[in-house]
Every structure is written in C-alpha cells, then in structure tokens.
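To start, the structure itself, in structure tokens.
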2 protein chains.
Amino acid sequence: ITDFCAGGCCGRQTVREQHGKDESVHRCRPPDVVVFPRCVEEVSALAKLCHRHQLPIIPFGTGTGLEGGVGAVKGGVCFSLRNMDQILDLHPEDFDVTVEPGVTRKALNSYLRETGLWFPVDPGADASLCGMAATSASGTNAVRYGTMRENVMNLEVVLADGSVIHTAGRNRRPRKTAAGYNLTNLFVGSEGTLGIITKTTLRLYGVPEEMVSAVCSFSSVQAAVDSTVQILQAGVPIARIEFLDEVMIDACNKFSSLSYPVSPTLFLEFHGSERSLEEQVNTTEDITQSNGGSDFQWARDAETRNRLWKARHDAWYAALAMRPGCKAYATDVCVPLSRLPHIIVETKEDLIESRLTGHIVGHVGDGNFHCLMVMDPSDQDELHRVHLFSQRLARRALAMDGTCTGEHGVGLGKRSLLCEEVGPSVIRVMQSLKDAIDPNNLMNPGKILL
Amino acid sequence: ITDFCAGGCCGRQTVREQHGKDESVHRCRPPDVVVFPRCVEEVSALAKLCHRHQLPIIPFGTGTGLEGGVGAVKGGVCFSLRNMDQILDLHPEDFDVTVEPGVTRKALNSYLRETGLWFPVDPGADASLCGMAATSASGTNAVRYGTMRENVMNLEVVLADGSVIHTAGRNRRPRKTAAGYNLTNLFVGSEGTLGIITKTTLRLYGVPEEMVSAVCSFSSVQAAVDSTVQILQAGVPIARIEFLDEVMIDACNKFSSLSYPVSPTLFLEFHGSERSLEEQVNTTEDITQSNGGSDFQWARDAETRNRLWKARHDAWYAALAMRPGCKAYATDVCVPLSRLPHIIVETKEDLIESRLTGHIVGHVGDGNFHCLMVMDPSDQDELHRVHLFSQRLARRALAMDGTCTGEHGVGLGKRSLLCEEVGPSVIRVMQSLKDAIDPNNLMNPGKILL
C-alpha cells in the first residue's frame, strides 16, 4: 500500500507531493485500502463487497492522469489493476487486440513488434491502455489516428454492483456497428465514475513503411500555427504536428542536450511509403517556408527520431528542471483550428502578466495545447495565480467555441468549468446517466460531476 | 399527412407497401398526427404538448431507414423535420458546419461545392444528415472517412419533456474533447429513442485533389474478399471498396446498361494527389492480380465515375427490376475482416438452399455487407423464408464475433437479435439509460429495446 499512500493518487511521480488549496492543483488523497485483484472475477467479487458495505471504489491504472482522477476524495477502496497484465486475443489479420488493465501502451507495442502492427495513441506517459480508455486519452498521434474514442472497439466493465458487462457484447469486434446505444463510447472518458474497465479491445494499425521526423523554427507563434492550419487544409496526412513555444524549446534543449533555435517550433512526423512521404514533406516544406519557417532539421533514422520524440515527451521534466525544487502543473484546452494563433498569443501574454513560468506545448493539429507551469508549492500566492490563470485559459477556450479540456479530462479540477462548458441541462442529463448506472455513487465519487 | 399515411414510415418508396407478419419485414404503421415544425422552438413547444398528454413522439427525416425505425407502433405524433432545412455556421477554415434536420447529404455537398470541402459519409440514399446521425449511418466511404460516430461533433437535441440540450455544449466544436460523458455519441445511433435531433455539427474534409474509380472481377468470392483484406493490410488508404456478387453485378448491368463480367466484383475508389493515387493504384492492382483478378476497368472522368457509383447506389432498384412486381428487403451484418470470405460463401449457399433471390453487396473494407432480397409480398411462405434466412445470417455474424447490424440499425427488426448480441446485462444498462433520459417512454417507443 505504501506507494499509494505516498501519493500515487496524484498521478506522475513528480507531482506526487503536490499540495494546494485550489481545485486545479491536486493534493494527495489516499484511499482507505488498496486491493490488487488478479482477474475479473476478483474485481467483481471485491466490487460486490464494496457494494454491500457502500464503500467508494477508485479504479487505478498507472496514475498518470493530471486532473486528480484517482484521488480518493471520499476514502474507500482503490482497485489497483497492475496485476492484470495479460495481452489477450491478438487478431493480426483483423487489426485488433484485447488487453487487460495492467498492460501499458509501451508493453503492447513491444509485444506487437514482430507483427508489423502497432497501437498509435500516445499520451506521452506510459499509461495503461484501460486507463487511457477510461480517460479518453489522446496525444501526439491523434491528428492522424484519432483518440481512444475512435480506437476502442469493446470494453469489459465491472459495474458498481459487481456485475460484468461487455459494452459491445462479449467477444464482439466488428470494425463498425449500429447495434443499439453506443455504450463503449459512454464508458470511454467516464473516468472511472461508471465502472471498472477490466478489458479493452483496441484497433491496431500497420506500422508505416517509412517514418521521418523534422523540426522547423518560426519567428512567431502566428507563423507556426498558420503553417499547421495550412498543412491540414492541404490534406497532408501528417502523423504528428507538435508546437513548442520558445520557453518550452529552451527547456527541452537544456534537458535533452539539443540545440534547436530558441523560437516557436514545430516537431513534425510523417508516415507512409517512401514516395508518399516525399510528397507530404514537399508540400509541408512549401507551406512552412512560405510562413518564414526555417529549413527542416531532419530525423530520418530511428535513433534520432526517438531522441526527438523523447525530448518532446520529456517536456514535463524539462520544464521542471528549469526551476529546481519546484513542482510542475499542466492544464490543457482545445479550440477550433482557426482560433489557435489568437488563443496562444493571448495565453502567452497572460503568463507574463501573471508572473508565471509557463511552457506551451501542444497537439496543434487538433487545436489542442497544454500550458505547463512550474511553481514553488510553498508559495501560496503563486499557487493562487496558477489557479486563476488556468481558469482564465479554460474560459478563453470556451469563449472561442472550444472545450476546457481536449485530453486531460475533468477529474476534480475542471468540474465547475464543465458546467460552464455544457450548461446545467446537459449536466442534469449526465447526472441522470451516472445515477442510472451507479445509483449509490460508489464509482470514483466526486469526479466529473460536482 | 397523406404522404405519411401512404407509408412513409416504412422507408424507401419501394417498400412503402410492404406488409408481413414477421418482424424483419416492416409493414406501414402510420402515426395519428404529423406535425411540421419550422424551428427548434416549435419542436420544443410541440414536444412539451406531447409530454403533457403523454403522446409518443416519432422523429422523421427522410424515411430512408430500413429497419422500421419511423413506424408509429404505438401511434402518436410524427415530427417531420423537412421544413427545418437551413445550413448554418459553415467554418471552412475549421472544417466544420452545422445543419438543421431537413438538410440532406446531397444538399450539403451541393452547398459546399465552391468551398473545396465535402462531407463524405454516404449511405446511398439522399438521407437527412440529422437522421443519419440518429441512425449512426455510414456507407461506401466509411472505410476511409469513418461513420457518423466519428464525424458528428455536436448535436442540438429536444428531449421528451421539450427541454433543449447541446450534447457537447452550445456552439462547441473543438476537434477533440475529454470534457465529461460523451453524450454526442450516445445520441448518435439512438434512433430517435432519446430525443429529437434538431441540429448537427459535422466534420468536413478537403475535396481530394484527384479521384479515380475502377472495377475488377474475380473468379470467386474468396479471391475478391482476400484482395480486400490484403489491400487494407498493405495500408492503402482506399476511399471505397465495394463488393458485388455475381447476382448483383448481373442486376446492375441490366438496370444501368453496363457490361461488366458476371462474376464477383470489386468497385474501388482512390482519393489523393496524382502521385499518391499512382502508388495506391499500383499496390492495389498488384494485389488483385495476385488473386487472379481482371485488369482494372477505369472510371477516371467524373461522368464515368458518377455513372459507376450511381449503378452501385441503384443496386436496390436493379435488384427489384429482376423480378417485376416484387418487393425488396435488405438486411446487413458486419464481421471482423478475416471472417468475410467464410460468411459470404455460407450466406450464398443459404440463399440457394432457401430458394431466395438474394443479392450480396457490401462495404467489405469494413467487414460489412448487405443481403438484398427480392420477394413476392403476397407469398407468405417466401416471406417466412426471408425472415428465417435473415435471422440465420445475423446469428452467423454473431457466431463470428460480429454484429447483427453494421449500419442499418436495430429499429423494430433486430430487437431480439440485439439481445442475443449484447446479452441481458447490457440490455439492462441500455434500458436504464433510456429510462433516465426518457422516463415516460415517449420517444419513438418500441424501437431498439423490446
């Protein structure tokens, strides 16, 4: 239990000890008990026990979520699913696989290495795939391959009363279906508040024949984001297009021993056959150059490419390293593509005015970006400024027809913002669904809905 | 009201007078009243009236559904939404548009003609887009562009009590979101049983630089379907790959004055730049030839291409024309790709054993196919054989990890099969969701759930 009480409920190791009064900075809220079931039957039996004693149930995958989703706000029993780590039912010819909740995305992709297939959804952290389903995760590849919403075909779920369902029916794995209510996509993104996901069936993809990555610098945020929008408008099937502002690239340079120009930057990746890559790259370079972008710095071989994306994924640690002794806090929003330059420019101004160390990095091909702040957790004033800034950022996104969270989810941190985003009548419908499936509010209580 | 009483509730004109005792062949079930609201406020006011008097509400778009979804099995008020036909809020730079429920897919694509954008989901019929959302429609382009599930970003819905919600919040249109329960995809495919869709926000795509279509014949079903699976495995981003068995191609030849060989056939379409097309086509031709397929017969110009796809979309009428005076009935299933050859071969044998005139045509890239039967509606024995055959086909798909419906939906016809597909515990969850959102069972009662 030690590792949970030590703060696993707060997510990444680096934020385990985060404390704060504000909702948006989550403090550790340990459960009363942690159980480690080894199979769905044990999950079901334990859920029945909790149900009988009306104990809250908090599903736990890898704890890499960022909105306090695994905090036991009402105490209760944490179901750590790490011991259920089997990869089941790989059907390479049908492009699907079923995994237990202890299987992470890296473990799956290692397992798939010899098959010519891969699972592309990549939120950065080596999260568990069932946890990624529970939180509707996405990440750098979503612009090409979609999010968990588009890639989960079926879920095995243990409900609060211990009953076991398969959202699309047991063993079902057609590539499309019109059979009844789409329960699968109701449970995807339900953040553990409707049930415990004990299996997920995922759509797989062929490993691209070729991949190349490139880095391109710009003189302004506007030029980088304009390029992104134009690349998508040109129909380039780009696999990754990540924006890093100059603060972020500076941190990445220092942390990962890179030497990219300290200016707004795009990290790009192209997947396809050799010929199709050539065409994608040519079109993209024409566009970036017409926006004053630098020549591409290439990462053609796997090693350089991995180093590039590791640097991108290490953004969190890179940001942290800029202010030793501090803690990091990340928030995300998503807006329609055309609003991106405006919101990023305004957000950077706000960071300066708020005297915050903020790094902007994001999946700009989806209109989604993160603001990654580094702060002194003992500085109550700074914590308060982070909170106010995050609220303003979310409301700025809402004012631009966007959402307060593109991929981190609601958890504890964005429950009020969710109300603002969807309005009271939608909240009532969401509450009625929650009440229908979990009438005693045992499943991860206090998350998503207030 | 005349046109409804004449049988609009049964879908396509050609089946308007279908009658039969079996569940799978739907007879006309007219509502008591038809109303033609002109705006969401009128829909809401009328729904409140129905709510007060506990009258069933049956939403009606174009009536092109195939599973009896608009039949007024308990009488009540049909809401024809044809007078709400405005295209609203086109955002070309964000690739999205919002439409009212009277707007059909062809009307939208005509409207978009000058913008370089299009909406690709194409079920064949010129269905209303909100109706397509309600039934989770898909069709020939789904293999490349997804179904309505992947392409609806937001819905305005009038609930049974007359309240109006926006499933993702009013005006929200980010390309992705993790904000709360995915209500949008709960309403997509709910077949009018949860609310009346009065607006849908759709994802648009850039019109491909080039399109070419081709036809290829094979000596066996297995060879055609093997080619399909291999084309997908090779990562060809094919836009359409449609299978027609020899019975279907014969009917299409006769109906549309074509002269393709009477054997299992693939209709294919490729979208992309000139260079990428060349590569897609070369890979595909290599694969089809290695499976003994004929040389491609090309449809490069728009006119020939349109003629080809019109022939494909006229399959229903072509089948009907083979037995003058008869009626057509279609059913669909979807299975994992690798099971396709087996299920199609078995199904063709079953058709012969059942002494039925059946045509097989399908979106084989998704593992989805239709069996289109032509029968004498006055022949009770033939009707019964159609019913038994359809049940066997669905159960064959279920036994192969598939679904009883890939795109037609459940409606009246497949309620029992849905129970078999998902099991009683999932049906209970679905029923609890229905009860939560429509506690008086006023919305399109008797559909999806028994």
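Some values worked out for this structure:
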quantity	calculated
Residues being surrounded by fewer than 23 Cβ atoms within 10 Å (Cβ to Cβ), away from every other protein chain (no Cβ under 11 Å) and outside any strand (DSSP E or B) - total across the stretch B:208-220	2
Which numbered condition A:His342 fails, given (1) touching a helix residue (DSSP H, G or I) at 6+ places or on another chain (Cβ under 8 Å); (2) under 16 Å from B:Arg173 (Cβ atoms)	(1)
Unmet criterion (only one of (1) more than 26 Å from A:Ile58 (Cα to Cα); (2) crowded, with 21+ Cβ neighbours inside 10 Å) for A:Pro101	(1)
Of all residues making up the stretch B:84-130, the number that are in a loop (DSSP other than H, G, I, E, B), more than 22 Å from the chain's Cα centre (by Cα) and within 12 Å of chain A (Cβ to nearest Cβ)	2
Flag for B:Ile249 being hydrophobic (A, V, I, L, M, F, W, C), within 26 Å of A:Val207 (Cβ to Cβ), more than 12 Å from chain A (Cβ to nearest Cβ) and crowded, with 20+ Cβ neighbours inside 10 Å	no
Residues of the stretch B:393-418 classified as in contact with a helix residue (DSSP H, G or I) (Cβ under 6 Å, 6 or more places away or on another chain) and surrounded by fewer than 18 Cβ atoms within 10 Å (Cβ to Cβ), total	0
Near pairs, Cβ below 7 angstrom, 6+ apart or cross-chain, from the stretch A:411-424 (facing chain B (nearest Cβ under 10 Å) and touching a residue at least 12 places away in the same chain (Cβ under 8 Å)) to any residue that is assigned to a helix (DSSP H, G or I) and surrounded by fewer than 24 Cβ atoms within 10 Å (Cβ to Cβ)	A:Cys419/A:Ile427; A:Glu420/A:Leu398; A:Glu421/A:Leu398
Subset of the stretch A:301-314 [small (Gly, Ala, Ser) and out of contact with any Cys (no Cβ under 6 Å at 6 or more places or on another chain)]	A:Ala302
Residue in the stretch A:415-428 that is among the charged types (D, E, K, R) and either over 22 Å from the mean Cα position of the chain (by Cα) or at pLDDT below 95 (or both) present	yes
Residue check, A:Gly195 touching a residue at least 40 places away in the same chain (Cβ under 8 Å), within 17 Å of A:Ser128 (Cβ to Cβ) and facing chain B (nearest Cβ under 9 Å)	no
Pick from the stretch B:162-177, criterion in contact with a Pro (Cβ under 9 Å, 6 or more places away or on another chain) and not basic (Lys, Arg), ranking: nearest to the other protein chains (Cβ to nearest Cβ)	B:Pro174
Selected residue [part of a loop (DSSP other than H, G, I, E, B), farther than 19 Å from B:Ala142 by Cβ, small (Gly, Ala, Ser) and touching a strand residue (DSSP E or B) at 6+ places or on another chain (Cβ under 7 Å)] from B:Ala160, B:Ala178	B:Ala160
Matching option when the condition is more than 19 Å from B:Gly446 (Cα to Cα) and in contact with a Lys or Arg (Cβ under 6 Å, 6 or more places away or on another chain), among B:Thr98, B:Thr104	B:Thr98
All positions within the stretch B:159-211 that are at pLDDT 95 or above and of a type in the set (Val, Ile, Thr)	B:Val164, B:Ile165, B:Thr167, B:Thr177, B:Thr184, B:Val188, B:Thr193, B:Ile196, B:Ile197, B:Thr198, B:Thr200, B:Thr201
Subset of the stretch B:136-154 [in a loop (DSSP other than H, G, I, E, B), at the interface with another protein chain (Cβ under 9 Å from one of its Cβ atoms) and either touching a His at 6+ places or on another chain (Cβ under 8 Å) or at positive phi (or both)]	B:Ser136, B:Ser138, B:Gly146
Answer residue from the stretch A:45-93, given it is of a type in the set (D, E, K, R) and surrounded by fewer than 24 Cβ atoms within 10 Å (Cβ to Cβ) and is farthest from A:Asn171 (Cα to Cα) among those	A:Lys74
Residues (within 14 Å of chain B (Cβ to nearest Cβ) and farther than 19 Å from A:Leu417 by Cα) located in the stretch A:321-371	A:Leu337, A:Ser338, A:Arg339, A:Leu340, A:Pro341, A:His342, A:Gly362, A:His363, A:Val364, A:Gly365, A:Asp366
Residue tally, condition more than 14 Å from every other protein chain (Cβ to nearest Cβ), among the hydrophobic types (A, V, I, L, M, F, W, C) and under 22 Å from the mean Cα position of the chain (by Cα), over the stretch B:256-273	3
Criterion: surrounded by fewer than 23 Cβ atoms within 10 Å (Cβ to Cβ) and within 9 Å of chain A (Cβ to nearest Cβ) - qualifying residue of B:Gly189, B:Gly180, B:Gly235	B:Gly235
Matching entry among B:Glu278, B:Glu274, B:Glu269, B:Glu303 (being over 24 Å from B:Phe369 (Cα atoms) and touching a helix residue (DSSP H, G or I) at 6+ places or on another chain (Cβ under 9 Å))	B:Glu278
Some residue of the stretch B:227-243 being among the hydroxyl-bearing types (Ser, Thr, Tyr), part of a loop (DSSP other than H, G, I, E, B) and either under 14 Å from B:Asp314 (Cα atoms) or within 22 Å of the chain's Cα centre (by Cα) (or both)	no
Index of the failed condition, B:Leu442 passing every other in (1) within 19 Å of the chain's Cα centre (by Cα); (2) within 21 Å of B:Ala160 (Cα to Cα); (3) more than 10 Å from chain A (Cβ to nearest Cβ)	(1)
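Rundown of residues vs (1) among the charged types (D, E, K, R); (2) over 25 Å from A:Ser257 (Cβ atoms), yes/no style:
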| position | (1), (2) |
| --- | --- |
| A:Tyr317 | no, no |
| A:Asp332 | yes, yes |
| A:Ile344 | no, yes |
| A:Thr357 | no, no |
| A:Ile360 | no, no |
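The values are calculated or read from the model by the stated rules, or taken from the named source; none is laboratory data. If you're wondering where the values come from, they're calculated on a predicted model, not measured in any experiment. Because the Cβ atoms are built from the backbone with ideal geometry, glycine has one as well, and the counts that use them run over all protein chains shown.
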